[in-house]
Structures are given as C-alpha cells and as structure tokens.
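Student: Attaching a single structure in structure tokens format; questions to follow.
The values are calculated or read from the model by the stated rules, or taken from the named source; none is laboratory data. These figures come from a predicted structure and were not determined experimentally. In this analysis, Cβ positions are derived from the backbone assuming ideal geometry, glycine residues included, and neighbour counts consider all displayed protein chains.
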Amino acid sequence: MGMTFERKLPIPQEVKKQYPLSEQLKKIVDLRNEEVKSIFSGKSNKFILIIGPCSADNEDSVIDYITRLKTIQEKVNDKIFIIPRIYTNKPRTTGDGYKGMLHQPNPNEKPDMYKGIVSIRELHMRALKETGFSCADEMLYPENYRYLSDVLGYVAIGARSVENQQHRLTASGIDIPVGMKNPTGGDISVMMNSITAAQHKHTYIYRGWEVHSDGNPYAHAILRGYVNKHGQAIPNYHYEDLIHLYEEYQKTNLNNPAVIIDTNHSNSGKKYLEQIRISKEVLHSMKLSKEIKGLVKGLMIESYIEDGCQKIGEGVYGKSITDPCLGWEKTEKLILDIADLL
C-alpha cells in the first residue's frame, strides 16, 4: 500500500470534551463573534486588523506577541477591532517544508498529528483565556475545522484552496466570517464563485456524516495579489482593483459585500516592509471613494516580535520560520498610525 495507517485519531467532539471551554470563555467568544459580524454587516464602523505571525510555531512567543496586541487594542478600541492570527496549518506550494503546528508542535521534531491537534486547541484556548482574544486560523483541512470551531473568531480560505468544493461547502456551514482569497493565478471570478457557494445552503458529506448547511452570509473576499504567467507578483490592492471588486459585487445578490486586504504575499512580493505602505495606500483609497470605504472592512498583516524570518533551528525568539514578518516596534507604530488615519 502507498499509505501507512498510524492510528485512529479522536473525533473533534472527544477532543473538545477533554479540553473544554468554560462558560465564561464561551461568552467572550460569542460577544466577539457578534461584534465582528456587525462590522461585516455595516452596523459598526470599526476597522478590522487580522494580524500576527505567518505561522504559529512556538506557543510562548505567540502568546507573548498576542499579549502585546491586547495592550494596543485598549488604545485603539474605539476605531479598530483586532483579530490575532494564530495560523496553525501552513500550506506549502511544493508540499515540502514546515506545515505548521498541527503537523509539528515542535518544528525540530518529527510530525505527530495527535499532539498537533491538542497543541493547536490549547494554544487558541490559552490566547482566549489570557488575552480575551478569539483568533483567526486558516482552514487548510476542512475536516479539521471542528477541532477549533468553538474558539475561533475568523476563518480564512487560502489561495490554493479557494476552488476546492469541500472548502466552499464547509464554509457554508460556519457561523463566523470566512474570507475567501483570490487564487494564486488572480482570477477574481473564482473567488466570487467561492463566496457565492459559501453563502448558499448545501447538503454534503462531512466527516462521514450527511450534513445540511444554512449558508454563511458573512463569507467575503480577501485580495492577496497573484502571480502572472512569468512568475511575477502582481498586486491587486490599488484603487482601481478595489473599484473593480466593488463593481463585481454589484453584479451579484451576495449578502454583506466586503473585502479584507492582505498586505503581504503577492501584494507585497513578500517584501514584508511594504506592508506599511500598502496599509496606508488602502486607507487613502477609502478616503477617496465612499464605495471603497464601504467595501473594505480591514487589513491582514503578517507581524511577529522580530523583523524578517529565520531558518528552523536558528532559535531566535519571536522570529518567523516561514514568511518574513514585521517586527513588534514597526507593528505597534503601524497600528497607531492606522487608527489616526481612520
């Protein structure tokens, strides 16, 4: 056989029972969920920042970082709603390399999926307990969403997953905002079709069950740039791109038209310092156009304690082992600048 079956993993219900949320933490999640929905529906004018490490690779440094975000949140609470990134699954273009905490709770040790499941739940729960933040994660594997469904505040569907039917149908059964990234090739229609699918009701197979979804009215777009046929990174956060997306939304009957701008990836050409300029350009576009202002609900920023990135094993505390990130000093200034510009 081409596969070796290691062991049967516990179902999400069993893991949740073993690592339960307290009633107090459930209330925090519910309150934050209502607030973020009010932003996407237009009832609240707050601006969303989905911000944090490219990948969550170390529990202590991630919590350290999020604790710092908590201090900033208190300063900008009247204008900004922060959702920390705790990305525990890392998509790899070639399939090789570090795949995130779900696969390797310790990047220096071999993969252990059971330890990974427990580790990512404990990390999200610790963030919630110590900082009051329900966080964002990427739904790389739709069947694993239920391990975290009671702790998450936001879900992203990546550029490589957005065309996948199971991702779209699973998103239709999620009751918090789900962002659909444009695909790596840049075809906006693919993203719009994904949003449409996620907002509709469906019947499908999920974890061996026949399930029925109600549709997710908060499914929305994420613009992250794309790569052309020559392998060059092409941004799609400029004024003209945002107007074009607004016009595409006008052709649909979708609920709550919205977009989050990913300031890194192909929008920055992975030049992480460009995230500062890109953030400010998006805010400027919002000032120039009431249509863009109504459409853009926030930014996605890759940020950690130390600037840049490192190789696995170098051991620099709070420095990304995947894509390069903005360091804390630049992050703090950027958040305060964004608040001033809103």
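Student: Is it true that Ile338 is surrounded by fewer than 20 Cβ atoms within 10 Å (Cβ to Cβ), touching a helix residue (DSSP H, G or I) at 6+ places or on another chain (Cβ under 7 Å), part of a helix (DSSP H, G or I) and modelled with pLDDT of 95 or more?
Tutor: No, not satisfied.
Student: Is it true that Arg121 is among the basic types (Lys, Arg), in contact with an Asp or Glu (Cβ under 8 Å, 6 or more places away or on another chain) and more than 19 Å from Met300 (Cβ to Cβ)? Before the answer, list the steps.
Tutor: Details: among the basic types (Lys, Arg): yes; in contact with an Asp or Glu (Cβ under 8 Å, 6 or more places away or on another chain): no; more than 19 Å from Met300 (Cβ to Cβ): yes.
No.
Student: Now for a separate question. Step by step: first the residues of region 35-51, then only those that are among the aliphatic types (A, V, I, L, M) and over 30 Å from Tyr317 (Cα atoms), then the one that is farthest from the chain's Cα centre (by Cα). Which residue is that?
Tutor: Ile39
Student: Right, next: Which residues, counting only those in region 35-69, are more than 19 Å from Lys181 (Cα to Cα) and of a type in the set (D, E, K, R)?
Tutor: Hits for region 35-69 are Glu35, Lys43, Lys46, Asp57, Glu59, Asp60, Asp64, Arg68.
Student: Right, Leu288: touching a helix residue (DSSP H, G or I) at 6+ places or on another chain (Cβ under 6 Å), touching a residue at least 24 places away in the same chain (Cβ under 8 Å) and either within 20 Å of Ala221 (Cβ to Cβ) or surrounded by 15 or more Cβ atoms within 10 Å (Cβ to Cβ) (or both) or not?
Tutor: no
Student: Starting from residues that are in contact with a Gly (Cβ under 9 Å, 6 or more places away or on another chain) and of a type in the set (S, T, N, Q), keep the ones in region 80-131 and report whichever is modelled with the highest pLDDT.
Tutor: Residue satisfying both the conditions and the ranking: Thr88.
Residue-by-condition table, conditions (1) under 16 Å from the mean Cα position of the chain (by Cα); (2) over 20 Å from Ile28 (Cβ atoms):
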{"site": "Pro53", "(1), (2)": "yes, yes"}
{"site": "Asn58", "(1), (2)": "no, yes"}
{"site": "Ser61", "(1), (2)": "no, yes"}
{"site": "Ile86", "(1), (2)": "yes, no"}
{"site": "Lys90", "(1), (2)": "yes, yes"}
{"site": "Thr94", "(1), (2)": "no, yes"}
{"site": "Ile120", "(1), (2)": "yes, no"}
{"site": "Ala127", "(1), (2)": "yes, no"}
{"site": "Ser134", "(1), (2)": "yes, no"}
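Student: Among (1) surrounded by fewer than 18 Cβ atoms within 10 Å (Cβ to Cβ); (2) of a type outside the set (Val, Ile, Thr); (3) touching a helix residue (DSSP H, G or I) at 6+ places or on another chain (Cβ under 9 Å), there is one condition Glu240 misses while meeting the rest; what is its number?
Tutor: (3)
Student: Filter region 68-87 down to residues that are in a strand (DSSP E or B) and either over 18 Å from Gly153 (Cα atoms) or of a type in the set (A, V, I, L, M, F, W, C) (or both), then give me how many there are.
Tutor: Selection size over region 68-87: 4.
Student: Might you let me know whether region 21-29 holds any residue that is modelled with pLDDT under 95, within 19 Å of Tyr145 (Cα to Cα) and either in contact with a strand residue (DSSP E or B) (Cβ under 8 Å, 6 or more places away or on another chain) or of a type in the set (A, V, I, L, M, F, W, C) (or both)?
Tutor: no
Student: Shifting gears a bit: Looking at region 14-28, which of its residues are under 20 Å from His103 (Cα atoms) and under 24 Å from the mean Cα position of the chain (by Cα)?
Tutor: Val15, Lys16, Tyr19 - these are the residues of region 14-28 that are under 20 Å from His103 (Cα atoms) and under 24 Å from the mean Cα position of the chain (by Cα).
Student: Of the numbered conditions (1) surrounded by 18 or more Cβ atoms within 10 Å (Cβ to Cβ); (2) among the basic types (Lys, Arg); (3) under 17 Å from Gly179 (Cα atoms), Lys16 fails exactly one; give the number of that condition.
Tutor: The failed condition is (3).
Student: Please specify each residue of region 44-60 satisfying the condition of being at pLDDT 95 or above, among the small types (Gly, Ala, Ser) and either farther than 16 Å from Arg126 by Cα or surrounded by fewer than 19 Cβ atoms within 10 Å (Cβ to Cβ) (or both).
Tutor: Ser44, the sole residue that qualifies.
Student: Can you tell me how many residues within region 291-317 are buried (at least 19 other Cβ atoms within 10 Å of the Cβ) and of a type in the set (Ser, Thr, Tyr)?
Tutor: Residues flagged as buried (at least 19 other Cβ atoms within 10 Å of the Cβ) and of a type in the set (Ser, Thr, Tyr) within region 291-317 amount to 2.
Student: Continuing with this model, one more query. Looking at Tyr246, Tyr226, Tyr237, which one is over 23 Å from Arg168 (Cβ atoms) and of a type outside the set (D, E, K, R)?
Tutor: Tyr237
Student: In this structure, does Ser161 turn out to be surrounded by fewer than 24 Cβ atoms within 10 Å (Cβ to Cβ), modelled with pLDDT of 95 or more, under 15 Å from the mean Cα position of the chain (by Cα) and closer than 20 Å to Met300 by Cα? Quick ask: steps written out before the conclusion?
Tutor: On the way: surrounded by fewer than 24 Cβ atoms within 10 Å (Cβ to Cβ): yes; modelled with pLDDT of 95 or more: yes; under 15 Å from the mean Cα position of the chain (by Cα): yes; closer than 20 Å to Met300 by Cα: yes.
Taking the combined requirement at face value, the residue satisfies it.
Student: Out of region 209-260, which residues are assigned to a loop (DSSP other than H, G, I, E, B), farther than 22 Å from Val155 by Cα and not basic (Lys, Arg)?
Tutor: Asn228, His230, Gly231, Gln232, Pro235, His238, Thr252, Asn253
Student: Could you tell me whether Gly313 is in a loop (DSSP other than H, G, I, E, B) and farther than 24 Å from Leu336 by Cβ?
Tutor: Details: in a loop (DSSP other than H, G, I, E, B): yes; farther than 24 Å from Leu336 by Cβ: yes.
In short, yes.
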